[in-house]
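First up is the structure itself, then whatever we jot down about it.
The values are calculated or read from the model by the stated rules, or taken from the named source; none is laboratory data. All of these numbers come straight from a predicted model, not from anything done at the bench. Positions of Cβ are backbone-derived with ideal geometry, glycine not excepted, and every protein chain shown enters the neighbour counts. Quick note on the areas: whole protein, heavy atoms, side chains included, nothing else; ligands and nucleic acids left out. Shrake-Rupley method; radii C 1.70, N 1.55, O 1.52, S 1.80 Å.
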Amino acid sequence: MEGASRYWLPRLLFQHGLGLIYLIAFLVAVNQFRPLLGEHGLLPVPLFVKQVSFRDAPSLFFLFPNDRAFCAAAWIGVFLSGLALTGVSDRFGTWLSMLVWAILWLIYLSFVNVGQVFYGFGWESMLLEAGFFAIFLGSRNSAPRAVPIWILRWMLFRVMFGAGLIKLRGDACWKDLTCLDYHYETQPMPNLLSWYFHWAPAWTHHGGVWFNHFVELAIPFGYFAPQPIATIAGIFTIVFQLLLMFSGNLSFLNLLTIVLALPALDCRILSKIIPAHPPAFQPPGRAVRYGMVCLAAVVGILSIPPALNMLSPGQLMNFNYNPLHLVNTYGAFGSINRTRYEVAVEGTADPSPTPSTPWREYEFQGKPGDIGRRPPQIAPYHLRLDWLMWFAAMSRYTEEPWFVNLMAKLLQGDGGTLGLLRTNPFPDRPPRYVRARLYMYRFTTPEERQAGGEWWRRELVGPWFPEVSLDTPGFRRILLEQGWL
């Protein structure tokens with residue numbers, strides 16, 4: 001079959017790759033969902049489902065808003081992701097394959113729709129959309145269909161072209177080619193190579209912006225071109241995403257985009273690199289053919305709002321048009337921070353703090369803190385609390401209700417919350433008081449780093465969250481209203 005010979009290997013690689021992304025996402029849920037969103041989390045799901053309708057945020061957890069259900073769902077997701085990653089789910093027929101992919105999508109949708117700000121990232125919707133279309137790709141022995149392959153290319157186009165347009169319509173530094181002069185230092189979570197990218201020659205920064213515009217604004221049209229043009233476009237996209245992975249920690253966004261680029265590759269070229277042979281395919285039945293027509297029609301209708309959004313001067317970034325997260329609009333880094341700010345959380349055992357009281361700082365797993373600590377490589381894993389701390393530094397604590405709960409958990413010595421951190425400076429008993437201060441961070445210069453070995457310099461801006469204990473009246477009242485005490 002002509003279609004089978006063109007699409008079977010890209011389909012196979014895409015399914016394995018998406019299984020890997022799902023596995024990472026569900027492992028994150030296993031490790032972080034309960035302390036962040038569980039019954040006693042920073043933003044408890046049981047409270048959320050009482051305030052939001054099922055229609056607005058469909059989730060299995062409206063029926064079971066408890067920690068046992070969260071844990072069981074996360075581990076089921078890990079198990080099924082393993083089946084998808086290893087290809088076991090595709091070896092026993094189309095219906096089993098569809099069932100596995102459908103359950104993965106439903107469980108992850110359930111997490112995202114009750115995840116509030118901790119799951120409010122564009123790549124969550126990307127994973128859900130890609131996961132939904134994976135349901136229709138078929139099993140290993142079923143003949144690959146062109147419709148879901150082209151739908152995935154259309155999704156990749158929206159991801160890349162939308163990101164390019166939002167930059168042109170956003171920060172002026174994307175037009176004067178200076179955005180990368182700041183980005184590596186001020187991005188959400190620098191990695192171990194970000195310092196080196198930041199101090200690379202200026203021409204690499206300006207050339208990098210040109211390359212960004214080329215890959216995001218010109219290359220995406222190649223996804224729909226005949227081969228080998230589509231393959232060339234896919235390879236450019238993959239290389240671009242690898243460069244982004246090398247220069248920072250953007251969760252599984254870049255890896256997921258690489259997986260989305262796989263359906264653009266030519267099977268004939270891939271078969272020369274990957275020693276795999278196509279199985280004997282079963283021709284699609286009438287129900288499958290009609291199903292593909294319906295799928296194409298539904299996606300076509302749902303594509304109208306995001307297509308109009310890309311043409312609009314008021315383009316939205318990372319917007320969902322429906323609670324199922326299907327056929328969304330995407331984008332990234334429409335604006336670039338010029339200065340990096342970080343919120344440092346501190347505690348003291350002193351029962352009556354004075355100006356001379358010593359305070360000890362909590363260290364987070366990924367975000368900058370200790371100026372001598374090299375930025376770690378975290379991605380494609382996602383540290384949700386660390387990411388929210390980056391956003392918090394650009395706002396006030398009154399705009400971040402979860403932060404008040406975080407401070408209460410530290411005062412209570414909550415084990416789940418402390419497990420989200422890298423260090424606990426109070427291992428024996430919780431602190432009596434906690435506070436948060438705002439710092440301005442910058443990378444050390446090569447000369448400063450050679451002299452002292454530090455990766456960062458920081459300067460105190462001022463207080464960000466006041467000194468509080470569990471007995472502080474206003475703070476205690478908030479905790480009582482929320483049922484924390």
Notebook entry, point to check: Could you say whether any residue in region 174-191 is open to solvent by 40 Å² or more (accessible area, probe 1.4 Å), without any contact (Cβ under 8 Å) to a residue 12 or more places away in the chain, more than 22 Å from residue 264 (Cβ to Cβ) and outside any helix (DSSP H, G or I)?
Noted result: yes
Margin query: Can you find, within region 309-350, the residue that is farthest from residue 187 (Cα to Cα) among those that are part of a loop (DSSP other than H, G, I, E, B) and among the β-branched types (Val, Ile, Thr)?
Written below: 327
Checklist line | Single condition residue 171 does not satisfy, out of (1) touching a helix residue (DSSP H, G or I) at 6+ places or on another chain (Cβ under 9 Å); (2) in contact (Cβ under 8 Å) with a residue 40 or more places away in the chain | finding: (1)
Next item on the list: Specify which of the listed residues (418, 460, 406) is without any contact (Cβ under 8 Å) to a residue 40 or more places away in the chain, among the hydrophobic types (A, V, I, L, M, F, W, C) and closer than 17 Å to residue 348 by Cα.
Entry: 418
Item checked: Every residue from region 139-173 that is over 29 Å from residue 88 (Cα atoms), out of contact with any Cys (no Cβ under 9 Å at 6 or more places or on another chain) and not in a helix (DSSP H, G or I) -> 169, 170
Item checked: Residues satisfying the stated conditions in region 280-296, i.e. open to solvent by less than 40 Å² (accessible area, probe 1.4 Å) and over 17 Å from residue 128 (Cα atoms) -> 285, 291, 292
Check: Looking only at region 456-472, which residues are in contact with a strand residue (DSSP E or B) (Cβ under 7 Å, 6 or more places away or on another chain), on the phi < 0 side of the Ramachandran plot and not charged (D, E, K, R)?
Finding: 456, 460, 461, 463, 464, 465, 466, 468, 469
Next item on the list: Name the residue, out of 365, 377, that is under 19 Å from residue 425 (Cβ atoms) and either open to solvent by 50 Å² or more (accessible area, probe 1.4 Å) or modelled with pLDDT under 95 (or both).
Entry: 365
Check: Got a sec? Which of 279, 263 is at pLDDT below 95 and more than 30 Å from residue 467 (Cα to Cα)?
Finding: 279
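Has region 194-202 got any residue that is among the hydroxyl-bearing types (Ser, Thr, Tyr), exposed (fewer than 14 other Cβ atoms within 10 Å of the Cβ) and out of contact with any Phe, Trp or Tyr (no Cβ under 6 Å at 6 or more places or on another chain)?
Yes.
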Item checked: Selection from region 463-482 of residues that are without any contact (Cβ under 8 Å) to a residue 40 or more places away in the chain, open to solvent by 60 Å² or more (accessible area, probe 1.4 Å) and more than 24 Å from residue 341 (Cβ to Cβ) -> 471, 473, 476, 477, 480, 481
Note to self: Going residue by residue through region 397-405, is there one that turns out to be hydrophobic (A, V, I, L, M, F, W, C), open to solvent by 10 Å² or more (accessible area, probe 1.4 Å) and farther than 25 Å from residue 248 by Cα?
What the structure shows: yes
Check: Within the group 390, 402, 464, which residue is outside any loop (DSSP other than H, G, I, E, B), within 20 Å of residue 185 (Cα to Cα) and among the aromatic types (Phe, Trp, Tyr)?
Finding: 390
Checklist line | Residue count for region 434-455, restricted to those that are open to solvent by 50 Å² or more (accessible area, probe 1.4 Å) and either among the small types (Gly, Ala, Ser) or not in a helix (DSSP H, G or I) (or both) | finding: 4
Next item on the list: Considering only region 334-362, state which residues are open to solvent by 60 Å² or more (accessible area, probe 1.4 Å), closer than 26 Å to residue 166 by Cβ and of a type outside the set (Gly, Ala, Ser).
Entry: 338, 341
Notebook entry, point to check: What residue, among those in region 310-333 that are polar (S, T, N, Q) and within 26 Å of residue 395 (Cα to Cα), is surrounded by the most Cβ atoms within 10 Å (Cβ to Cβ)?
Noted result: 329
